[in-house]
Amino acid sequence: MEQTLLDAEAEAAVLRVYRQVFAVLAREAGAMIIDPDLLDVDQAILDAFAEAGSDGLTVEQATAACRSYEHDVVVRRFDVLRQYGAITKLVDRPNELRHRAAFAPYVMLMFLRRMSVQGGQAELHQLLTLEHHSVSDPKATADQGQASIQRLTKVFRLLGNELAILVATSTAAQLRENAQLAWGNETLIEQAEKVHRIVLERWPELHRVCTALRMSLAAYADAVQTAAGRLVERAGTTRALGLLPIETWLTFTRGSDTDVLASVLDGLLFDAAAPDFAPETLLEAVESGRRTGTARLAPPRSSGDDTEAPESSAAVDREGLRAEAERVLAGRDEVSVTEVVDAAGDWITARRVLAELTAAHLHDELEYELVWSDGMRIDPAAGTPWVTEGSFRRRAS
């Protein structure tokens, strides 16, 4: 009977902490939050208790401290936190007005916000570190080693299953929203394998549960590769480079020299930022900047020898670009970009001219090149205030 009562007391303690922790998710008793703004209200209430010190707060003082939110909303959330035991009376007596707050709900809020940003990766790394220390302890038993392996097996099975389902049923945009599930996977797998090796070496009889962990790690690795492949494929098709994980870009920028970084934008021409350009307009311009239309076919012509063959559209385009380039050069071998932009008078005209010069630079059959430098001319009085320095010139043969 004594053991049963002790067990019940332990379970009640777990339930009490559990209710405190998840009080931040309850819209009302027995319900869940559907509005993320309510999390901010909870945090404001708990922040007020943290500032109040050991004297605690009354409901009126809490609403006054959280006056940036609606009074009724703060009162309702205060009642929910009180029902779940996250806020309790300072002294347990009928007419007590002052309350104190438990730390568990605030920890849960911190956890939720970090999970939303990092997808639980930091927590998973910490879990793996703790499991490594646990099984490495000389006093650890086989039962503890088995428990560690089983916990990790379930974690990676859940991760692998979630990624596999997302790849099979979700759009690329939805997969991108959950891309944090695949971040740092190599390190995670390596840490789990270290725990696996320690357990298998110390307790060879646990080879069955270790096999289950290896299978879950392999399934997770396959799911990550499939998800990454789909993201890369989608990004390459739509030019939506934001679909790739941020770690990919950080690694690229940190490990590349100036020339490699500059080559990413080689051949692209961007409008200078202006206050009257909406973000949607700039985004559409960039998205359509590298689109190529269907090839234009020459019209059918007679096969008679006396009919002169019309000039192809490609030749017409080439000669048009050559004529524009020669007009800009005006008999010179080189002209500065600043001079070209100033001669145009305004950015709309200058943009068209620079587009033509960029096309001439990229044309394989033309002997012109557009070279940019690192400087920038800033002249508020000019038609185009910001001009990147560079030159348009004949390519050396």
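Leu6 meets the conditions (1) touching a Phe, Trp or Tyr at 6+ places or on another chain (Cβ under 8 Å); (2) farther than 19 Å from His99 by Cα; (3) modelled with pLDDT under 70 in every case but one. The failed one is (1). Filtering Ala355, Ala396, Ala344, Ala323 for residues that are crowded, with 16+ Cβ neighbours inside 10 Å and either closer than 24 Å to Asp259 by Cα or not aromatic (Phe, Trp, Tyr) (or both) leaves a single hit, Ala344.
The residues in the stretch 114-146 that are open to solvent by less than 70 Å² (accessible area, probe 1.4 Å), among the acidic types (Asp, Glu), farther than 16 Å from His196 by Cβ and modelled with pLDDT of 80 or more can be counted, and the count is 1. Within the stretch 18-33, is even one residue basic (Lys, Arg), open to solvent by 60 Å² or more (accessible area, probe 1.4 Å) and at pLDDT 90 or above? Within the stretch 18-33, not a single residue is basic (Lys, Arg), open to solvent by 60 Å² or more (accessible area, probe 1.4 Å) and at pLDDT 90 or above. Please verify whether the stretch 104-113 includes one or more residues that are aromatic (Phe, Trp, Tyr) and either closer than 30 Å to Ile198 by Cβ or surrounded by 15 or more Cβ atoms within 10 Å (Cβ to Cβ) (or both). Yes, because at least one residue in the stretch 104-113 is aromatic (Phe, Trp, Tyr) and either closer than 30 Å to Ile198 by Cβ or surrounded by 15 or more Cβ atoms within 10 Å (Cβ to Cβ) (or both). Right, Leu81: modelled with pLDDT of 85 or more and surrounded by 14 or more Cβ atoms within 10 Å (Cβ to Cβ) or not? Judged against the criteria, Leu81 is a match.
The values are calculated or read from the model by the stated rules, or taken from the named source; none is laboratory data. Fair warning: this is a prediction, and the values are worked out from it, not measured in the lab. Cβ sites come from the backbone with ideal geometry, for glycine too, and all protein chains shown count toward neighbours. Accessible surface is based on the protein model in full, side chains and every heavy atom, while ligands, DNA and RNA are left aside. Shrake-Rupley method; radii C 1.70, N 1.55, O 1.52, S 1.80 Å.
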